[in-house]
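Here is the structure we will look at.
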């Protein structure tokens, strides 16, 4: 199970001394013909994925690029640095593709697939890559936006031959005549990716704000979960409540 393995790795580190396909914020670049290229790079104080630290509370660098066709089909890649480990190596690379379209004024549906890949993991460390099917429904009303997400990972060897479902509701409020956007979200994990929580399920939530200045965005988020403490510091730090700072530049 992915996060159980990460927890074990965290304990090994201790003895010897892992929101929002958390893709970086993007802005559309100028279109060339029917295609649009967008992307950017962010530096985060802690790589948090659904409330859990995948960087052991260390700084991570996260580039991204997306190619979108005017029809709504898109493909892209997102990456992050990681603490070195035999199973995950030093980097995560997420390859994704899908289709997004406006089904009503202000309402968008996005259906896609993401491959979470670890290209430099060591042979013999076991399978690490896994796939998720992701659906999103978004609606905007003036400066307020809401997005519901359902992500399903079917049975896979890297997930302990078990499946996982993740549900999330996110809200955003762009303050009128201001570069500031307020955000909040709540998510629910149930299955193999919830291995750190009793019963294999837990809640995560966040509140935050971002400040945009041209192509640059500075954001701050408070992130927490309802996973109970184990008393093992190297494990508990993976889901400790924290404040995450992000500085991103997009094109």
Subject >> Compactness of the stretch 34-159, expressed as Rg and Dmax over alpha-carbon positions, Å >> reply: 16.4, 52
Original post:
How high is the relative contact order of the stretch 46-168, in percent, counting Cα pairs under 8 Å that sit 6 or more residues apart?
Top reply: 15 percent
Subject >> the chain: Cα Rg divided by the 2.2 N^0.38 Å rule of thumb >> reply: 1.00
Original post:
Under Stokes-Einstein, with the Kirkwood radius over Cα pairs standing in for Rh, what whole-number D in µm²/s applies to the stretch 93-196 at 4 °C and 1.567 mPa s?
Top reply: 82 µm²/s
Original post:
How long is the gain from residue 99 to residue 240 if the chain were fully straight, where each residue apart is worth 0.36 nm and the alpha carbon distance is subtracted?
Top reply: 47.2 nm
Original post:
At each listed q (0.19 Å⁻¹), what is the log10 of I(q)/I(0) that the Debye formula gives for the stretch 144-186 modelled as equal alpha-carbon point scatterers?
Top reply: -0.65
**OP:** For n ≥ 4 DSSP H runs only, could you compute -39500 (n - 2.57) per run for the chain, divide by its residues and tell me the 222 nm figure to the nearest 500?
**Re:** -2000 deg cm²/dmol
Subject >> Ascending count of other beta-carbon atoms within 10 Å, so fewest first, for 42, 178 >> reply: 178, 42
Original post:
Sorted from fewest to most neighbouring beta carbons within 10 Å, what does the list 205, 78 look like?
Top reply: 205, 78
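Every number in this text was worked out from the coordinates using simple rules, so none of it is lab data. Everything quoted here is computed from the prediction, not taken from an experiment. Every residue, glycine among them, receives a Cβ derived from its backbone with ideal geometry; neighbour counts consider all protein chains shown.
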